[in-house]
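The values are calculated or read from the model by the stated rules, or taken from the named source; none is laboratory data. Here the structure is a predicted model, which is why all the values come from computation and not from measurement. Using ideal geometry, Cβ is built from the backbone for each residue, glycine included, and neighbour counts are taken over all protein chains shown. With ligands, DNA and RNA removed, areas are computed over all heavy atoms of the protein, side chains included. Shrake-Rupley method; radii C 1.70, N 1.55, O 1.52, S 1.80 Å.
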Amino acid sequence: MDSQNLEPGSNTESLFIAKQQLRVLTQSLPSESASKTTRPLFNDLVYCACRPNSVFAKKTLGLINQQADLAQQFAWVLNKLSFTQSDAQIAASSETDIEERSNDKFEIRIKQDRLMPNQAYITLKIKSDLPNTEQGLYLHLLRDNQFFVLHFPELIDSKTQLVIDKDSQSYALLCHVETQIFIQQH
């Protein structure tokens, strides 16, 4: 560029400065491939726990499920934010599927649908008062450092229910003795 056109206050100088700033900003933006491998921040883990149905949380959960240390941090976050949790169960017999889980704050029952043999009813009963459950509850399921989220609808008389396919991942996780469950208000 000609130095005559870069006089202070000229349109050419403003355009030149704007282009330089744009170049700097563009170079400092992470590339798409870099953003896929960026490690989530602690705030991202908290957001993922609190708003698991959001697009950002689903992407973050995908990253969490790829890294065991992130899964451990996320489990710690869920432990702090959850209403209650259920650790891995001790099987009463040699079978690995369970149809009930409970503690002093909740009870989950899994019953087969008699009319649709490939479906099951999952009933969640809360044994203590929970304020503001109009938007339902989240069940964060953890097994082998892999998380999965189920959203239950609003409680009615301290109960809520879902119908799920027996061949689904959520059914397999709910019935498995090694699955940990974190129950969180929406």
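At a glance:
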{"quantity": "Residues being in contact (Cβ under 8 Å) with a residue 12 or more places away in the chain, open to solvent by less than 70 Å² (accessible area, probe 1.4 Å) and not in a loop (DSSP other than H, G, I, E, B) - total across the stretch 166-179", "calculated": "6"}
{"quantity": "Count of the stretch 64-105 residues which are modelled with pLDDT of 85 or more, hydroxyl-bearing (Ser, Thr, Tyr) and over 20 Å from His151 (Cα atoms)", "calculated": "0"}
{"quantity": "Cross-chain or 6+ apart pairs with Cβ under 7 Å, the stretch 60-74 first and farther than 16 Å from Leu41 by Cβ, then open to solvent by 50 Å² or more (accessible area, probe 1.4 Å)", "calculated": "Asn65/Gln146; Ala68/Asn145"}
{"quantity": "Failed criterion for Thr160 (all others in (1) over 25 Å from Asn118 (Cα atoms); (2) crowded, with 17+ Cβ neighbours inside 10 Å hold)", "calculated": "(1)"}
